[in-house]
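The values are calculated or read from the model by the stated rules, or taken from the named source; none is laboratory data. Given the structure is predicted, the values throughout are model-derived calculations rather than measurements. Cβ sites come from the backbone with ideal geometry, for glycine too, and all protein chains shown count toward neighbours.
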Amino acid sequence: MSNTSQLQVGTYNYASEVIKGYFNSQIAKVEKNDCFVRAVAAATDLAYDIAHGYVADVFHRKQGQGTMFTNIVMMKLEEEGMLIGDKNVKVRVLSTDEITNSYKLHGEIVKRKKTVKSFIKDNPTGTYIIGVAGHAFTIKEGILVDNAGEEFRPTRKVTSAFKINTPAEVTNN
């Protein structure tokens, strides 16, 4: 059982400082609209160039453009698993109930999308790729990992969330 009263919501790391090989990547230097690539790299603890190639191949992302249909592809990867770089990554697509809060409003129970802050509070451990309107980032052990210029905005609504587990590296036998 974790103690969420000690959780410091608002802890932040810049993706460019966390992602392996980011500063030396020739691809990253000319890339834009790559938030999902950065989220995958940060969540899987793999180099930017490996994540970039994977997202281009599996999600059909074109250079300089955002990544589309992430929910559909992630649902497929939930069944098949994700072999990225030298890691066998397990994906779990969080249900609507897991990314919404229930409130009583005028005597009726209503569901509203969780904010980033309430998501972190409810999920203080683990690694997640989070989707918000037109953007994606990583939450790792309660710490938000995002691009410079996207500093923690706790009221953004979570539109999708994917739990990422990297249980073991794949060996080539």
Got a sec? Which of 158, 116, 93, 89 is surrounded by fewer than 20 Cβ atoms within 10 Å (Cβ to Cβ) and β-branched (Val, Ile, Thr)? 93
Does residue 102 fit the bill of being assigned to a helix (DSSP H, G or I), out of contact with any Leu (no Cβ under 9 Å at 6 or more places or on another chain) and polar (S, T, N, Q)? no
Region 89-130: number of residues that are polar (S, T, N, Q) and touching a Lys or Arg at 6+ places or on another chain (Cβ under 7 Å): 5
Of 76, 111, which residue is in contact with a Ser or Thr (Cβ under 6 Å, 6 or more places away or on another chain), without any contact (Cβ under 8 Å) to a residue 40 or more places away in the chain and not in a loop (DSSP other than H, G, I, E, B)? 111
Out of 68, 74, which single residue is in contact with a strand residue (DSSP E or B) (Cβ under 7 Å, 6 or more places away or on another chain) and of a type in the set (A, V, I, L, M)? 74
Only one of 45, 57, 49 is among the acidic types (Asp, Glu) and either on the phi > 0 side of the Ramachandran plot or modelled with pLDDT under 95 (or both); which? 45
